[in-house]
Amino acid sequence: MSGHPQVKVGVIGTGWVATDRHIPAFKRDKRATLTAVFDRDLGKAQSTAKRFRVPSFTDNLDSFLNEPLDVVSICTPPHAHAEFIEASIRSGKHVLVEKPITLTSEVGRSLEVLAQEAGVILCPAHSHLFSRSALKAKSLWEKGNVGEVQWAMGIQLTSWQRRLPTWYDELPGGLFFDESPHLLYLMRHFLGDVHVEQAWSTDASSNSPATMDRTEVRLKGKRGTGYLTMCFGSPFSEWLFILFCSQGVLVLDLFRDILIHLPPEKAHKARDVLKTSARGTFEFWRGIGASGIQAARRQYSFGHDELVKRFLDSVIDGKELPVSARDGWKTVALIEDILHRTSPTA
């Protein structure tokens, strides 16, 4: 598509992830033109098209795919992803799809092959890989400023008071299936291809019978071990990803998009403790300021803007995909393994 003046984008689904993430990110990139919106609820398709000044809307999938689109951005609940991915690929469209890519790794793998055969791009939206904090952490690591990655820890606390999707009970493992991909793809990125060594869960006080209240996972990767803790029903919500390296610790606050870089202490004396505390506090509030400015400008995208930019680079100039379909279904395979190991019948 070299020299293509505008990439014409169609959006499938009109929920929050479409209106607050995908559509704004494409609108902010001048190389893209939003052309059509599809939703099985025609009223929602119409209101979304009107809100974002998209010229075409429909509740008919064939009509939508007959539009002169280059890209389809899929923003539906996960159980509908496979259907829309396949239809879009068979129509010759490049695809950006929300995580998780599909409900099973087997289906994800087959769609990867289908996309390759059709000569189109299939990219799952692993957006937190492209947040400011994650990109800075990656840069520090790749430049050798923190030494070698030794192990990682992902911690997710979720309150039932947080805005949550209405359909998560329909997923295998409930909310775990929808939210665990973020920490798992970060594990894969920094630790290399990982596999599950051990997993267990409890659901004694579950708000929903389909959702595990607490899950603990140990993973082994090429560069080290990963530990995942996910708790549902917490008094508050926090998402943290911590990289323990030979020459420092990197703390990624995913909700606030903040990176705190803590170098090694010389000795655990009062001045060392004070220095570490001062540095961590300064970097936290500096990050709050930067994220606050982005939020005030309505540009707080948790990496979606950068993901879309790199996705369009791939579509227009053939540059490397920001996230491959393989990365997508490999992440789903980890979820499948965890769910199998934590099943009461396992």
- Query: Any residue at all in region 254-263 that is within 18 Å of the chain's Cα centre (by Cα), closer than 23 Å to GLY303 by Cα and free of Cβ contacts under 8 Å to residues at least 24 places away in the same chain?
  - Reply: yes
- Note on the structure: When every residue in region 304-325 that is in contact with a helix residue (DSSP H, G or I) (Cβ under 9 Å, 6 or more places away or on another chain) and either without any contact (Cβ under 8 Å) to a residue 24 or more places away in the chain or in the same structural domain as LEU186 (by TED's automatic domain parsing) (or both) is compared, the one surrounded by the most Cβ atoms within 10 Å (Cβ to Cβ) is LYS319
- Quick check: is even one residue across region 119-136 modelled with pLDDT of 95 or more, among the aliphatic types (A, V, I, L, M), in the same structural domain as ILE74 (by TED's automatic domain parsing) and over 16 Å from the mean Cα position of the chain (by Cα)? yes
- Task: Find all pairs meeting these conditions: Cβ atoms under 7 angstrom apart; at least six residues apart or on different chains; first residue within region 16-43 and more than 15 Å from PHE57 (Cβ to Cβ) and touching a residue at least 60 places away in the same chain (Cβ under 8 Å); second residue assigned to a helix (DSSP H, G or I) and basic (Lys, Arg).
- Result: ASP29/LYS309
- Task: Working carefully through the options VAL251, VAL273, find the one that is of a type in the set (A, V, I, L, M, F, W, C) and surrounded by 19 or more Cβ atoms within 10 Å (Cβ to Cβ).
- Result: VAL251
- In the set ILE242, ILE293, the lone residue that is assigned by TED's automatic domain parsing to the domain that holds GLY154 and surrounded by 12 or more Cβ atoms within 10 Å (Cβ to Cβ) is ILE242
- Query: Of the residues ALA118, ALA152, ALA134, ALA125, which is at negative phi and in contact with a Lys or Arg (Cβ under 6 Å, 6 or more places away or on another chain)?
  - Reply: ALA125
- Looking at region 305-346, which of the residues that are touching a His at 6+ places or on another chain (Cβ under 9 Å), of a type in the set (A, V, I, L, M) and not in a helix (DSSP H, G or I) is modelled with the lowest pLDDT? ALA346
- Item | Of residues in region 122-143 being in contact (Cβ under 8 Å) with a residue 60 or more places away in the chain and of a type in the set (Gly, Ala, Ser), the one surrounded by the most Cβ atoms within 10 Å (Cβ to Cβ) | ALA125
- Item | Those residues of region 26-40 which are charged (D, E, K, R), buried (at least 24 other Cβ atoms within 10 Å of the Cβ) and touching a strand residue (DSSP E or B) at 6+ places or on another chain (Cβ under 6 Å), in sequence order | none
- Message: I'd like to verify a number: residues in region 276-290 that are under 20 Å from VAL146 (Cα atoms), within 30 Å of the chain's Cα centre (by Cα) and surrounded by 13 or more Cβ atoms within 10 Å (Cβ to Cβ), how many?
- Response: 5
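The values are calculated or read from the model by the stated rules, or taken from the named source; none is laboratory data. Note that the coordinates shown come from a computational prediction; the quantities given were computed from them, not determined experimentally. All Cβ positions, even for glycine, are placed from backbone atoms using ideal geometry, and neighbour counts span all protein chains on display.
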